[in-house]
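The values are calculated or read from the model by the stated rules, or taken from the named source; none is laboratory data. Please read all numbers here as calculations on a predicted model, not as lab measurements. Counting neighbours? That spans all protein chains shown, and the Cβs are built from the backbone with ideal geometry, glycine included. With ligands, DNA and RNA removed, areas are computed over all heavy atoms of the protein, side chains included. Shrake-Rupley method; radii C 1.70, N 1.55, O 1.52, S 1.80 Å.
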Amino acid sequence: MEARPAVKPQNPNFSSGPCSKRPGYSVAQLDTATLGRSHRSSLGKAALQKAIDDTADLLGLPEGYRVGIVPASDTGAVEMALWSLLGARPIDVCSWESFGAGWHGDITKQLKLEVNHISADYGQLPDLSQTNPDHDIVFTWNGTTSGVKVDSADWISDDRQGLTICDATSAVFAMEMPWEKLDVVTFSWQKVLGGEGAHGMLILSPRAVERLESYTPAWPLPKIFRLTKGGKLIEGIFKGATINTPSMLAVADYQDALDWVREIGGVSAAIEISNASLKAIESFVDSRDWIQFLAENPAQRSNTSVCLTLDLSDDEVKALVKLLDAEGVAYDIGAYRDAPAGLRLWCGATVNTADIEALLPWLEWGYHQVKNS
């Protein structure tokens with residue numbers, strides 16, 4: 001294919017974080033009444049509480065699950081859970097990409113806890129049935145840097161004694177989450193909802209709260225990680241009284257994204273958009289022999305962070321990424337630095353499927369340009 005495509009994506013932002021803003025987004029549309037006000041004022045608390053309540057409502061969380069806004073994005077939320085909850089039981093850590101491997105490293109090297117490590121290479125999902133329901137289990141739902149997601153929660157026992165701690169930053173609002181199977185879930189605003197960075201979301205089941213109130217870690221906890229005081233959950237964290245000062249502009253931006261999800265028909269509609277984009281890419285890849293999914297099992301392909309490998313050298317892949325950037329058709333689509341060389345296309349709901357479809361001919365054109373040069 002030598003002819004240069006005539007149509008470009010209207011929105012060339014395919015970054016996997018921070019991700020594209022929702023269609024029609026404008027900063028001018030944000031409710032900025034809280035700017036310049038204390039986050040502890042009645043106005044500030046109400047805005048934070050609404051963001052928490054709307055999150056729980058849209059996600060359909062079970063009764064008794066708590067939602068909190070915490071510092072330091074998804075990373076902060078995960079670390080808060082690891083430092084506050086682990087050590088009471090044996091631990092299984094499941095990893096198949098860089099972030100899961102990072103949690104394993106923090107648990108073993110920083111907390112110095114022994115774990116049963118169940119791992120797989122990029123493109124594969126480990127045998128999750130090897131986990132022990134009597135252990136605490138740490139895992140990612142969707143491997144953002146590998147494009148491999150968990151395709152079923154059947155391996156998680158309803159009668160488990162341990163906690164399931166799930167990093168779901170690129171899954172929540174884009175994939176069906178089996179909440180009753182999950183005791184701790186974390187995500188960030190800048191992934192599926194295209195929000196701003198620096199704030200994380202921490203979701204706790206009643207079982208997780210019980211652990212927090214009955215177990216004290218052997219190590220000191222920085223203030224930024226503390227979820228309890230005097231052996232009781234700090235309920236304020238889950239009612240808008242954040243541990244540190246949040247960006248009220250970022251909160252307004254997150255609320256805008258939540259309102260948009262509701263307007264398009266809720267989480268199910270957001271999932272449909274994401275799946276449609278994945279389907280378009282699958283159709284493209286299936287008819288070409290020079291491009292493949294990094295995920296080996298089709299059922300485990302991520303519908304958000306779609307990772308692809310190509311019949312190109314590492315340098316040629318870099319040249320392709322640079323070419324598409326220069327053409328203004330795709331920004332920030334190179335594979336994660338620790339992942340095999342290739343492309344990573346974000347297909348969360350804030351990306352129009354029409355833009356994915358417009359990009360695909362450019363991928364083919366760019367491939368031949370690089371290959372023939």
Practice item. Whenever you get a sec, compute what percent of the accessible area on segment 62-157 sits on carbon and sulfur atoms (1.4 Å probe). Key: 44 percent
Review point. With the other protein chains left in place, how much accessible area per residue, in square angstrom, belongs to the chain at a 1.4 angstrom probe?
Key: 41 Å²
Practice item. Excluding Glu196 itself, calculate the net charge of residues whose Cβ lies under 12 Å from the Cβ of Glu196, where each Lys or Arg counts +1 and each Asp or Glu counts -1. Key: 0
Review point. What is the gain in length, in nm to one decimal, between Ser26 and Asp314 on full extension, counting 0.36 nm per residue of separation less the C-alpha to C-alpha distance?
Key: 100.0 nm
Review point. Roughly how many nanometres apart are two label points built 7 Å out from the Cα toward the Cβ at Ala218 and Asp151?
Key: 4.0 nm
Study note, to complete from the structure: For segment 73-145, shape from the Cα gyration tensor axes a ≥ b ≥ c, cut at a/c of 1.5 then a/b versus b/c, turns out oblate
Exercise for review: Would you mind telling me the antiparallel percentage of the DSSP bridges in the chain, rounded to 5?
Suggested key: 60 percent
Revision key, fill the gap. When the charge dipole of the chain is computed with +1 at the Cβ of Lys and Arg and -1 at the Cβ of Asp and Glu, the Cα pointing farthest to the positive end, of Ser38, Thr186, Gln255, is that of Ser38
Practice item. Quote the charge dipole size of the chain about the Cα centre in Debye, to the nearest 20; the model charges only the Cβ of Lys and Arg (+1) and of Asp and Glu (-1). Key: 1360 debye
Revision key, fill the gap. Descending packing, highest mean Cβ count within 10 Å first, for 221-230, 204-213, 170-179 is 170-179, 204-213, 221-230
Exercise for review: Can you tell me the order of 40-47, 134-141 when each peptide is scored by its average per-residue count of other Cβ atoms within 10 angstrom, highest first?
Suggested key: 134-141, 40-47
Exercise for review: Assuming a ≥ b ≥ c are the square roots of the Cα gyration tensor eigenvalues, decide whether the chain counts as rounded (a/c under 1.5), prolate (otherwise, with a/b larger than b/c) or oblate.
Suggested key: oblate
Check your understanding: When the accessible area of segment 316-360 is computed with all protein chains present and a 1.4 Å probe, what percentage of it is carbon and sulfur?
Key -> 46 percent
Point to revise | Restraint check, Lys21/Lys322; Lys21/Lys181; Lys149/Lys322; Lys8/Lys371, Cα-Cα greater than 25 Å | key: Lys21/Lys181; Lys149/Lys322
Revision key, fill the gap. Extension length gain for Asp134 and Lys181 (0.36 nm per residue less Cα distance), in nm, is 15.5 nm
Point to revise | Those aspartates and glutamates that a straight Cα-Cα span of less than 14 Å connects to Lys229, excepting residues fewer than 8 apart in one chain | key: Glu210, Glu213
Revision key, fill the gap. Nearest-0.05 FRET efficiency for Ala3 and Leu249 at R0 = 45 Å, using Cβ-Cβ distance, is 0.50
